[in-house]
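Asks: Here you go, one structure.
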Amino acid sequence: MLGLKLATDPRWVNIVETNIEEILTDHAWCEQKAATNAITIITLNSEHEDLVTDLLALAKEELEHFEMVHEIIKKRGYKLGRERKDSYVNELYKFMNKGGNRVQSMVDRLLFSAMIEARSCERFKLLSQKIKDPELSKFYHELMISEAGHYTTFIGFARKYGQDVDVDKRWKELIDFEAEVIQSYGKSETIHG
């Protein structure tokens with residue numbers, strides 16, 4: 001369903017398990033950034049009532065996920081560390097069309113968002129299947145389902161409002177670009193690392 005070209009090496013979970021506090025902190029900040037991204041899309045495209053309604057719900061859900069991860073962090077006696085830069089996301093951002101019209105920019109932002117959700121979903125699935133911690137296994141299974149829904153929301157709006165853009169062609173280009181980017185990742189205990 002996700003169409004990713006390159007799967008994460010399952011050994012990434014072994015790296016994650018060496019520093020659970022770090023993956024949880026990174027994950028918490030990923031959720032915060034996802035909520036902020038949804039608000040940004042709303043701000044730039046507020047004329048689309050259905051997009052505003054659905055992305056408000058998505059932003060709330062992302063903040064709820066941030067809160068859920070923070071609760072796990074506190075319960076385990078960890079501290080929420082400082083916000084991390086997400087090099088993977090910054091690399092993907094380079095793909096976005098900076099000089100197009102509003103519709104092209106919106107489509108690229110929606111596809112960029114869908115890609116991040118797709119990769120997060122893939123990573124959460126891997127964590128749910130391979131991590132030895134039963135609580136985190138269950139937690140990541142639940143979040144995997146949510147991320148898949150976010151992915152389809154973003155793709156759906158790109159197709160709905162991108163009539164003047166070849167959305168499927170642009171998505172394929174992004175999938176190819178992401179396959180090149182992700183080859184450098186999977187070596188650290190972060191969600192996209």
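The values are calculated or read from the model by the stated rules, or taken from the named source; none is laboratory data. Predicted model only: the values in this text are computed from it and were never measured. Here the Cβ is made from the backbone with ideal geometry for all residues, glycine too, and neighbour counts use every protein chain on show.
Asks: Using the structure shown, decide if residue 108 is in a helix (DSSP H, G or I) and either small (Gly, Ala, Ser) or out of contact with any helix residue (DSSP H, G or I) (no Cβ under 9 Å at 6 or more places or on another chain) (or both).
Replies: no
Asks: Mind listing just one residue for me: the one in the stretch 9-21 that is crowded, with 18+ Cβ neighbours inside 10 Å and out of contact with any Lys or Arg (no Cβ under 6 Å at 6 or more places or on another chain) and, of those, farthest from residue 123 (Cα to Cα)?
Replies: 16
Asks: Out of 167, 107, 181, I need the residue that is crowded, with 17+ Cβ neighbours inside 10 Å, in contact (Cβ under 8 Å) with a residue 24 or more places away in the chain and under 21 Å from residue 7 (Cα atoms). Which one?
Replies: The match here is 181.
Asks: Is it true that residue 26 is at pLDDT below 95 and in contact with a Gly (Cβ under 8 Å, 6 or more places away or on another chain)?
Replies: no
Asks: Working only within the stretch 46-73, note down all residues that are outside any helix (DSSP H, G or I) and buried (at least 16 other Cβ atoms within 10 Å of the Cβ).
Replies: 48
Asks: Going by the structure shown, is residue 175 assigned to a helix (DSSP H, G or I), buried (at least 20 other Cβ atoms within 10 Å of the Cβ) and of a type in the set (Val, Ile, Thr)?
Replies: Working: assigned to a helix (DSSP H, G or I): yes; buried (at least 20 other Cβ atoms within 10 Å of the Cβ): no; of a type in the set (Val, Ile, Thr): yes.
It is false that residue 175 is assigned to a helix (DSSP H, G or I), buried (at least 20 other Cβ atoms within 10 Å of the Cβ) and of a type in the set (Val, Ile, Thr).
Asks: Something else about it: Inside the stretch 41-68, can you point out the residues that are under 15 Å from the mean Cα position of the chain (by Cα) and of a type in the set (Val, Ile, Thr)?
Replies: 41
Asks: Among what's in the stretch 142-152 and is of a type outside the set (Gly, Ala, Ser) and touching a helix residue (DSSP H, G or I) at 6+ places or on another chain (Cβ under 6 Å), pick the residue that is farthest from residue 35 (Cα to Cα).
Replies: Filtering first and then ranking leaves 144.
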